1. How many nm separate the modelled label positions at ASN283 and THR157, each set 7 Å beyond the Cα in the direction of the Cβ?
2. Give me TRP429, TRP489 sorted ascending by neighbouring Cβ count inside 10 Å, so fewest comes first.
3. Provide THR377, THR158 in ascending order of the number of other Cβ atoms located within 10 Å of each residue's Cβ, fewest first.
4. Assign one of three labels to region 5-210, namely rounded, prolate or oblate, based on the Cα gyration tensor with a ≥ b ≥ c the square roots of its eigenvalues; rounded applies when a/c is under 1.5, prolate when it is not and a/b is larger than b/c, and oblate otherwise.
5. Find the all-direction average of the projected area of the Cα convex hull for the chain, expressing the result in square nanometres with one decimal place.
6. Using modelled amide H (1.01 Å from N, peptide plane; none on Pro or chain starts), what sits under 5 Å from the amide H of ILE332, excluding residues fewer than 5 places away?
7. With 25 Å as the limit, write out which pairs from LYS259/LYS458; LYS72/LYS458; LYS281/LYS438; LYS72/LYS240 have Cα-Cα distances beyond it, or answer none.
8. How high is the relative contact order of region 323-376, given as a whole-number percent (alpha carbon pairs under 8 Å, six or more residues apart)?
Amino acid sequence: MKIFLLMLASAFVTTAFAGNGPVGILEDHGDVGSPKHAGSVVYDQNTQTYTLKGSGYNIWFGRDEFQYAWKKMQGDFILTANFAFVGKGVDPHRKIGWMVRESLNDNAVHYSAVAHGDGLTVMQWRLLKGAFMRSPQDEIHAPKRGYQVLQLERQGTTMILRAAQVGEPLQVIGSQCVQDLPDEVLAGIFINSHNPDVVEEARVWNVRIDRPVPEGYNPDKEGWIGCRMEILDVFTGMRKVIHESDGRFEAPNWMPDGKKLLFNENGSLYTIPVEGGTPVKVNTGSANRLNNDHGISFSGKQMAISHHREGLPGGGSSVYVLPLTGGEPKLITEKTPSYFHGWTGDDKYVLYVAQRDTPIYNVYKSPAAGGPEVQLTFFKTGHVDGPEGSPDNKYIYYNGSQSGTMQLYRMKPDGSGREQLTFDEYNDWFPHISPDGKWILFISFPPEIDPGSHPSYKRVMLRLMPVGGAPRVVAYLYGGQGTINVPSWSPDSRKVAFVSNSE
């Protein structure tokens with residue numbers, strides 16, 4: 001039994017909701033169902049972490065009691081966050097997680113992603129207003145315990161629960177056909193003590209509410225959706241949003257002084273403080289049609305860009321070099337298309353992918369001071385991209401689809417000694433080597449994505465692996481093209497910058 005039978009007598013009572021106002025990205029918070037002890041939600045702006053305290057007999061049978069922080073939502077959405085209780089707690093069935101709710105009535109229809117104090121993770125629901133929730137008919141149990149990352153997605157008439165333990169990919173726990181849930185709902189985070197005399201506490205961080213676009217959405221024709229600039233500590237997993245826009249920006253680099261980021265927007269480059277603030281445009285001279293391929297030399301004195309020249313093959317993308325402080329760029333690649341991606345560790349060469357008399361892209365390098373280009377790969381099939389030199393100048397890392405899926409590789413600076421580094425079902429793109437040479441950060445697209453494509457607006461992962469080791473997940477996000485196309489490590493090899501998306 002989940003609660004004493006004497007509680008059943010009040011199963012159909014509804015109560016008013018006393019809101020306490022906005023908290024973080026959520027519109028309101030307060031107790032649902034009048035628990036004996038008042039709860040609370042506190043938001044730490046510096047860490048973008050929520051601390052929840054709440055009581056309540058349960059979220060079960062015909063009515064609920066809990067503390068709730070929520071936002072009104074319509075249509076499809078993806079809710080993702082890390083959850084953890086504070087302290088040992090009293091009842092093993094205390095609950096935290098995501099909840100999508102028809103109203104603030106204590107007997108409302110709802111669908112929830114729930115983590116219990118004993119590690120049990122389930123999807124639970126009340127199909128009809130006032131209906132008794134039943135076990136096991138109204139719940140789906142996860143195969144493992146101790147999930148910290150919970151994701152609840154509404155996709156049309158279906159609610160989907162995914163969960164992950166730290167470092168692992170999200171796995172689908174189950175799905176449920178939605179009934180009696182209106183288009184406009186309340187979506188948010190909650191805590192319940194499962195004991196009316198107890199107040200429990202939990203932390204929730206990396207809270208992201210994403211509105212995905214429909215499958216087949218074409219941003220070039222239908223418009224680009226909003227962007228977040230985020231900074232991630234790869235060793236703690238803590239993420240922080242420092243800049244947002246309804247428009248499109250992409251591909252942040254970390255400036256050598258560690259105080260600013262460099263990114264592209266509307267064909268130009270901008271810098272922004274790592275704490276956030278007003279972007280400042282960078283002088284790139286006559287190059288005003290930049291794409292998201294740009295990067296800073298290891299010495300920190302120069303940067304390379306890709307600028308589109310009109311009327312040339314493949315859109316005219318060409319590689320240029322200019323001082324990091326800005327100025328008129330110098331053309332490096334006369335032939336097009338050429339897309340910059342990295343520098344060699346000695347700063348002597350820029351690395352790029354290009355088509356030359358064939359539709360297949362290969363890896364090339366050209367002297368930054370000017371001179372003939374050198375072809376490094378000679379593939380006749382598949383696709384390669386993202387070449388980037390290691391700080392010690394011993395290797396060039398890149399991604400290639402010659403195995404049938406997109407995987408990570410490295411080779412020596414002359415193109416010899418090719419080694420495959422990843423071997424999995426995902427499509428792995430854009431290996432970025434930390435300044436200390438110990439770590440590789442990359443983006444993984446789902447298996448169903450065309451291996452030769454890195455589209456926008458997909459459920460993707462950022463993964464980290466030691467050089468010579470196995471990868472683990474460090475971020476789950478909605479993004480893809482423009483997320484980490486370019487080197488994005490902080491100078492201390494601890495943090496990375498990236499872009500996520502939401503409609």
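Nothing in this text is a laboratory measurement; each read-out follows from the coordinates by a stated rule. The model shown is predicted, which means the values in this text are computed figures rather than measured ones. Note that each Cβ is placed from the backbone with ideal geometry, even for glycine, and that neighbours are counted across all protein chains shown.
1. So the two model labels end up 6.2 nm from each other.
2. Values: TRP429 27, TRP489 21.
By the 10 Å Cβ count, ascending, the order reads TRP489, TRP429.
3. Neighbour counts put them in this order, fewest first: THR158, THR377.
4. Numbers: a/c = 1.19, a/b = 1.07, b/c = 1.11.
Rounded is the answer for region 5-210, as its axis ratio a/c remains below 1.5.
5. Values: hull surface 92.7 nm².
Average of the hull's projected areas for the chain equals 23.2 nm².
6. HN-HN under 5 Å from ILE332: VAL319, TYR320, VAL321.
7. Values: LYS259/LYS458 30 Å; LYS72/LYS458 23 Å; LYS281/LYS438 33 Å; LYS72/LYS240 23 Å.
Where the Cα-Cα span goes over 25 Å, the pairs concerned are LYS259/LYS458; LYS281/LYS438.
8. Numbers: 82 pairs, mean separation 14.4, N = 54.
Once divided by the residue count of region 323-376, the mean separation gives 27 percent.
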